[in-house]
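Here is the structure we will look at, set down as structure tokens.
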């Protein structure tokens, strides 16, 4: 996933991909046409995304839904099995998996990911989650650690995994969280690089991503805030002699007229919002996660219904392309696209928006 850095914000090819197709997308809306995961539609979507020239595919890892009428994320495919299956049938697109460090031993995670890299060498990414969902921790019978301590745990977890990928002889590891004897792992990743990603807007989350990962996944609140975040990440990484890029996500509603697009966004974000599910998501994110305050989540309730808080890009193909250009100009490297029905909406986006992005110099021709 290399890129040139000569365009506005240092990016001349904004990487685009899908987010959350291994489950029912990112929406907390009850509209009947919302995405529902099957193996067949995930297979077809991955192939269509690759054919359209998209760059990546990111799943989420959910073990329990948000309740309500529609129980968003109640049905999700395991992201390890999902990514491995899609790596086997694609040739170019990067497939991330998502791993919750508290729920997966690093020896197991290392084996999973290195096996995936045998299937799709150099096309594997791992989205590392330190744990924020208290309900899921309770379901696993695992005590939820204090916020900053979760990232200390994940640092050691990742250190073990990297040793397993790079050392040829058994090693002992004696740390705060793991005490391992004679640890060894094979096969090693054969693609030369497994891309590491982590999300986080808190100080601890950002510090972990900038210190140990290739990518920081950040919530896009506004262009100005995103530009500041990218600059902050780049500065901290540069001081440490590292390069770290930023990914973010947006809810895309693209229609032939702005009136149609705005009406549909109103429908998914207001009229058909699954209010109990949103309440539960706000409780988990706003009260258990320290990345943002409860007031932030409450003020963005409509965004949560449409796409669990992701930035809305709503309008005609020209509107959408222009807004994506503005996102690119903040300096982010990748934009994860969230559609209500990704398979149904991809052809229009592919035919009407992607060529405009090439003409605008936001993306290179596929």
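The values are calculated or read from the model by the stated rules, or taken from the named source; none is laboratory data. Here the structure is a predicted model, which means the values were calculated and not measured. Glycine gets a Cβ as well: all are built from the backbone with ideal geometry, and neighbour counts include every protein chain shown.
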Among the residues of the stretch 140-168, write down those that are more than 21 Å from residue 62 (Cα to Cα) and not in a helix (DSSP H, G or I).
-> 167, 168
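With the structure loaded, tell me whether residue 215 is modelled with pLDDT under 95 and either out of contact with any helix residue (DSSP H, G or I) (no Cβ under 7 Å at 6 or more places or on another chain) or closer than 29 Å to residue 69 by Cα (or both) or whether it fails that test. I'd like the intermediate steps shown before the answer.
Details: modelled with pLDDT under 95: no; either out of contact with any helix residue (DSSP H, G or I) (no Cβ under 7 Å at 6 or more places or on another chain) or closer than 29 Å to residue 69 by Cα (or both): yes.
Judged against the criteria, residue 215 is not a match.
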Mind listing whichever residues of the stretch 80-107 are without any contact (Cβ under 8 Å) to a residue 60 or more places away in the chain, within 19 Å of residue 191 (Cα to Cα), in contact with a strand residue (DSSP E or B) (Cβ under 6 Å, 6 or more places away or on another chain) and not in a helix (DSSP H, G or I)?
-> 95, 97, 98
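What number of residues within the stretch 10-36 satisfy the criterion of being closer than 26 Å to residue 279 by Cα and not in a strand (DSSP E or B)?
Residues of the stretch 10-36 that are closer than 26 Å to residue 279 by Cα, as a first pass: 18-36.
Next, from what is left, pick out any that are not in a strand (DSSP E or B): 20-28, 30-36.
Selection size over the stretch 10-36: 16.
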Entirely in the stretch 230-340, the helices (runs of 4 or more DSSP H) that have 1 or more residues that are at pLDDT 95 or above = 258-266, 317-328
So which residues in the stretch 129-152 are surrounded by 19 or more Cβ atoms within 10 Å (Cβ to Cβ) and on the phi < 0 side of the Ramachandran plot?
-> 129, 130, 132, 133, 136, 137, 150, 151
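When residues of the stretch 79-95 are filtered for being surrounded by fewer than 16 Cβ atoms within 10 Å (Cβ to Cβ) and under 18 Å from residue 109 (Cβ atoms), how many remain? Break it down stepwise before answering.
Our first condition is that a residue be surrounded by fewer than 16 Cβ atoms within 10 Å (Cβ to Cβ); within the stretch 79-95, this holds for 81, 88-89, 91-92.
Of the ones still in play, those that are also under 18 Å from residue 109 (Cβ atoms) are 81.
Residues that pass the stated criteria total 1.
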Kindly indicate the residue of the stretch 243-262 that is without any contact (Cβ under 8 Å) to a residue 40 or more places away in the chain and surrounded by 14 or more Cβ atoms within 10 Å (Cβ to Cβ) and also farthest from the chain's Cα centre (by Cα) among those meeting that condition.
-> 260
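Here's the yes/no breakdown for (1) buried (at least 18 other Cβ atoms within 10 Å of the Cβ); (2) modelled with pLDDT of 95 or more; (3) closer than 30 Å to residue 30 by Cα; (4) within 18 Å of the chain's Cα centre (by Cα):
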site	(1), (2), (3), (4)
97	yes, yes, yes, yes
120	yes, yes, no, no
127	yes, yes, yes, yes
164	yes, yes, no, no
181	no, yes, no, no
Checked against (1) touching a helix residue (DSSP H, G or I) at 6+ places or on another chain (Cβ under 8 Å); (2) modelled with pLDDT of 95 or more; (3) outside any loop (DSSP other than H, G, I, E, B); (4) more than 15 Å from residue 124 (Cβ to Cβ), residue 77 satisfies every condition except (3)
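Out of the residues in the stretch 341-353 that are touching a strand residue (DSSP E or B) at 6+ places or on another chain (Cβ under 8 Å) and part of a helix (DSSP H, G or I), state the one that is surrounded by the fewest Cβ atoms within 10 Å (Cβ to Cβ). Reasoning before the result, please.
Our first condition is that a residue be touching a strand residue (DSSP E or B) at 6+ places or on another chain (Cβ under 8 Å); within the stretch 341-353, this holds for 342, 345, 348-349, 352-353.
Going one step further and asking which of them are part of a helix (DSSP H, G or I), we end up with 342, 345, 348-349, 352.
Details: 342: 22, 345: 18, 348: 14, 349: 20, 352: 16.
Step by step, filter the stretch 341-353, then rank; the result is 348.
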Kindly provide the set of residues from the stretch 207-228 that are farther than 23 Å from residue 156 by Cα, without any contact (Cβ under 8 Å) to a residue 40 or more places away in the chain and surrounded by 14 or more Cβ atoms within 10 Å (Cβ to Cβ), ordered by number.
-> 225
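Would you pick out the residues in the stretch 37-57 that are assigned to a loop (DSSP other than H, G, I, E, B) and buried (at least 19 other Cβ atoms within 10 Å of the Cβ)? If you could, list the steps in order and put the result at the bottom.
So in the stretch 37-57, the residues assigned to a loop (DSSP other than H, G, I, E, B) come out as 37-38, 53-55.
Within the stretch 37-57, 37, 54, 55 qualify.
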Note on residue 196: of the conditions (1) farther than 29 Å from residue 354 by Cα; (2) in a strand (DSSP E or B); (3) in contact (Cβ under 8 Å) with a residue 12 or more places away in the chain, unmet is (1)
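Got at least one residue in the stretch 58-68 being closer than 15 Å to residue 18 by Cβ, assigned to a loop (DSSP other than H, G, I, E, B) and at pLDDT 95 or above?
Quick first cut of the stretch 58-68, residues closer than 15 Å to residue 18 by Cβ only: 58-60.
Among the residues that remain, those that are also assigned to a loop (DSSP other than H, G, I, E, B) are: 59-60.
In the following step, the residues that additionally are at pLDDT 95 or above were identified as 59.
Yes, the conditions are met somewhere in the stretch 58-68.
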So, first residue under 16 Å from residue 267 (Cα atoms) in the stretch 28-45, second residue modelled with pLDDT under 95 and assigned to a strand (DSSP E or B), Cβ within less than 8 Å, six or more apart or across chains; the pairs are 28/273; 29/273; 30/273
